[in-house]
1. In the set LYS25, LYS52, which member is part of a helix (DSSP H, G or I), under 22 Å from the mean Cα position of the chain (by Cα), under 21 Å from ILE99 (Cα atoms) and of a type in the set (Lys, Arg)?
2. With respect to ARG153, determine if the residue is in contact (Cβ under 8 Å) with a residue 60 or more places away in the chain, surrounded by fewer than 21 Cβ atoms within 10 Å (Cβ to Cβ) and part of a loop (DSSP other than H, G, I, E, B).
3. Tally time: how many residues in the range 194-228 are of a type in the set (Ser, Thr, Tyr) and farther than 25 Å from HIS115 by Cα?
4. Limited to the range 111-141, what total is found for residues that are touching a helix residue (DSSP H, G or I) at 6+ places or on another chain (Cβ under 8 Å) and within 30 Å of ARG152 (Cβ to Cβ)?
5. Restricting attention to the range 83-135, which residues are assigned to a loop (DSSP other than H, G, I, E, B), more than 21 Å from ALA174 (Cα to Cα) and modelled with pLDDT under 95?
6. Given the conditions (1) open to solvent by 30 Å² or more (accessible area, probe 1.4 Å); (2) modelled with pLDDT of 95 or more; (3) farther than 19 Å from ARG145 by Cα, which single one is not true for THR50?
Amino acid sequence: MEHLRGSRSISEDVPVEVDEILVRKIRDAQPYVADVLRLVQAQTLDSTATEKYVDFLDDLFCQIKSQEGPLPGVQSFRDSDYEHIGFLAQQIIVSVLAILVKNREYDLIWKLVDHTYFYERRFEGVRAATLGDFYQYSSILDEYRNKRLELRRLSVVADFLKEFTEEASIVSFAQFVQADCLIYLLLRFRFPADRYKWWFPKTSVYAERYSHVTPPLHEMISEQRANAIAKMFGSRDTDDLLRKYEVAKTESKDMDYNAGWGYHVPNFFAMFPENLSTLP
């Protein structure tokens, strides 16, 4: 965390555009991000103690999020000064989920979704959070930089996530996009009536427009795969999952989620294949 601790605020007394400072700080942190993800991947392959691994990821996420605030002695600051921390937290969390999906650690994924995180923030003390609280909208990138450079991009954040994921080569960008969309589905399943605990999958701008089922959920046409993947939703098996899913849909049915043009957010009300468990 020393790298983040030394670069917490993007405010600088130099005539440089704020978005350029933000991009530089995010880019400078990428070797650190890659090292963290390699460690996560190694732990995933070697870990046999599930609870300890959850604690390891809890500590990782919260240590990053705790940097999202002023250093001691700093009295004047803006929330936008720490947008790079929010960007990095999201990048790491989605990448971690992609690694877990790749290794079929479905039970671990649910443990991260059905979990309360505690992180410290200066002037506010310890805050309790769910996984959705680690999502952050970047006005500097998606609004200011987009307009200043006349980029006309749907999401500059998504573009940078694509660039950095491909550079790191730890998970493919397709796996990253799928994990981003999965977090949205998982959190909506866990908190169907509370949109403030959901997650917006920015990289869904790169998802296939007419793909209705997010991988690996499309594999649930297989009964064996379906029962395994059901654990990602905190369910014993497919029957248990479908019972909980009906409750979640009922609780969430009056809540519209208008992602806007160009975002291919998966359909929560049809997130499983129609021919569920029809093959061995």
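The values are calculated or read from the model by the stated rules, or taken from the named source; none is laboratory data. Keep in mind it's a predicted model, so treat the numbers as computed, not measured. Ideal geometry is used to build each Cβ from the backbone, glycine not excepted, and the neighbour counts take in all protein chains shown. The area values use the complete protein model at the heavy-atom level, side chains included, leaving out ligands, DNA and RNA. Shrake-Rupley method; radii C 1.70, N 1.55, O 1.52, S 1.80 Å.
1. LYS52
2. no
3. Within the range 194-228, residues that are of a type in the set (Ser, Thr, Tyr) and farther than 25 Å from HIS115 by Cα number 4.
4. 8
5. ARG122, PHE123, GLU124
6. For THR50, the exception is condition (2).
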